[in-house]
Amino acid sequence: MYRGLNLKNIKEHNVAHNKEGLLLKDLVILTTYIENYLFQYLYKGRNHLMKMSIHRALAELKTLNKRIERATSGKFVAMQIGEEPPRSYKTVSEFNTEAGAYYSSTKDLIARRNEIKAKVIASNAVTKVKVGKEEMTVAEAIDRKDNGVKYDKELLNSLRNQLIQVERQMELERQQMELRLEKRIEADLGSKDRKANATEVEAITESFLKRYKPKMVDPIEIKKEIKELTERIEEFEMEVDFILSESNTSTLIEVKG
């Protein structure tokens, strides 16, 4: 069926289906069949290699994915009752021819898709790009764009939130400490004039602060890390799409023509 794109057979088949109210569905099947036929005509049996850019390869992969989805909805097996052919077919041979061609072309589409995808993955694993100040492979850039930068942002948010929390705790503790210090001075000096006893006030204050003054324990220099991480994330997000697009346009792979 449809062998050599026989328009007479196609017309007869559609008319027969139209009588059963199946013309629209059949047209979808026919469209897929023609696409697969053209694919086989253009690619199957060709063993020479052709160069294509990653950009073109990605576009073809997108098209192949859609064609595979349609092709896999074809009918590969059917039922017949007695000697009658499967429904909507004139003969068993007609169905066998169509199902076999459909199955073969579907496998060819999948093989083509897998070949191109494998070549793209292999290329991305070795092709180097520079995003901001960092050099990395295309695969690393894609992974960081899709996943890694999310973790950088989570770390940045954690650093910011912890810094804010500790600074608030320190400020609260500092206020409470000043109140306690004032009470301590009053308890030690009583009614004595503070100016006349400045040395004693200073000694009490120094001892008290040494024991109770809140301090931040900061082994990673958190403010510096926040600044550098923020700049790195912003720089990466600003440049990565342009860098990958340029790389995809200039990088070539070889696939069967």
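The values are calculated or read from the model by the stated rules, or taken from the named source; none is laboratory data. No experiment lies behind these values; they were computed from the predicted model shown. Note that each Cβ is placed from the backbone with ideal geometry, even for glycine, and that neighbours are counted across all protein chains shown.
Residue-wise test of (1) closer than 27 Å to Arg168 by Cβ; (2) out of contact with any strand residue (DSSP E or B) (no Cβ under 6 Å at 6 or more places or on another chain).
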position: Glu221; (1), (2): yes, yes
position: Thr230; (1), (2): yes, yes
position: Phe236; (1), (2): no, no
position: Leu244; (1), (2): no, yes
position: Asn248; (1), (2): no, yes
position: Gly257; (1), (2): no, no
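Okay, residues lined up against (1) aliphatic (A, V, I, L, M); (2) touching a residue at least 12 places away in the same chain (Cβ under 8 Å):
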site: Gln165; (1), (2): no, no
site: Gln176; (1), (2): no, no
site: Ala187; (1), (2): yes, no
site: Arg194; (1), (2): no, no
site: Ala198; (1), (2): yes, no
site: Phe208; (1), (2): no, yes
site: Pro214; (1), (2): no, yes
site: Lys227; (1), (2): no, no
site: Ile233; (1), (2): yes, yes
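Just one of (1) assigned to a loop (DSSP other than H, G, I, E, B); (2) out of contact with any Pro (no Cβ under 7 Å at 6 or more places or on another chain) fails for Gln80. It is (2).
A quick yes/no check of all residues on (1) surrounded by 12 or more Cβ atoms within 10 Å (Cβ to Cβ); (2) modelled with pLDDT of 95 or more; (3) assigned by TED's automatic domain parsing to the domain that holds Ala122:
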position	(1), (2), (3)
Asn157	no, yes, no
Ala203	yes, no, no
Arg211	no, no, no
Ser250	no, yes, no
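Being at pLDDT below 95, of a type outside the set (A, V, I, L, M, F, W, C), assigned by TED's automatic domain parsing to the domain that holds Thr251 and out of contact with any Leu (no Cβ under 7 Å at 6 or more places or on another chain) is the requirement here; does Asn147 meet it? For Asn147, the condition - at pLDDT below 95, of a type outside the set (A, V, I, L, M, F, W, C), assigned by TED's automatic domain parsing to the domain that holds Thr251 and out of contact with any Leu (no Cβ under 7 Å at 6 or more places or on another chain) - is met. Of the residues examined, Ala122 is one that is within 21 Å of Asp241 (Cα to Cα) and exposed (fewer than 14 other Cβ atoms within 10 Å of the Cβ).
Scanning the range 197-214 turns up at least one residue that is within 30 Å of Glu154 (Cβ to Cβ) and out of contact with any Cys (no Cβ under 7 Å at 6 or more places or on another chain).
Among the residues of the range 159-172, those identified as exposed (fewer than 13 other Cβ atoms within 10 Å of the Cβ) and of a type in the set (D, E, K, R) are Glu167, Arg168, Glu171. For Gly21, indicate whether it is surrounded by fewer than 13 Cβ atoms within 10 Å (Cβ to Cβ), under 30 Å from Val120 (Cβ atoms) and at pLDDT below 60. So Gly21 fails the test.
Contact map, the range 68-85: first residue surrounded by fewer than 14 Cβ atoms within 10 Å (Cβ to Cβ) and modelled with pLDDT under 90, second residue assigned to a loop (DSSP other than H, G, I, E, B) and of a type in the set (Lys, Arg), Cβ cut-off under 8 Å, separation 6 or more or different chains; the map is empty.
When Leu49 is tested against (1) under 30 Å from Thr127 (Cβ atoms); (2) surrounded by 16 or more Cβ atoms within 10 Å (Cβ to Cβ); (3) at pLDDT 60 or above, only condition (2) is not met.
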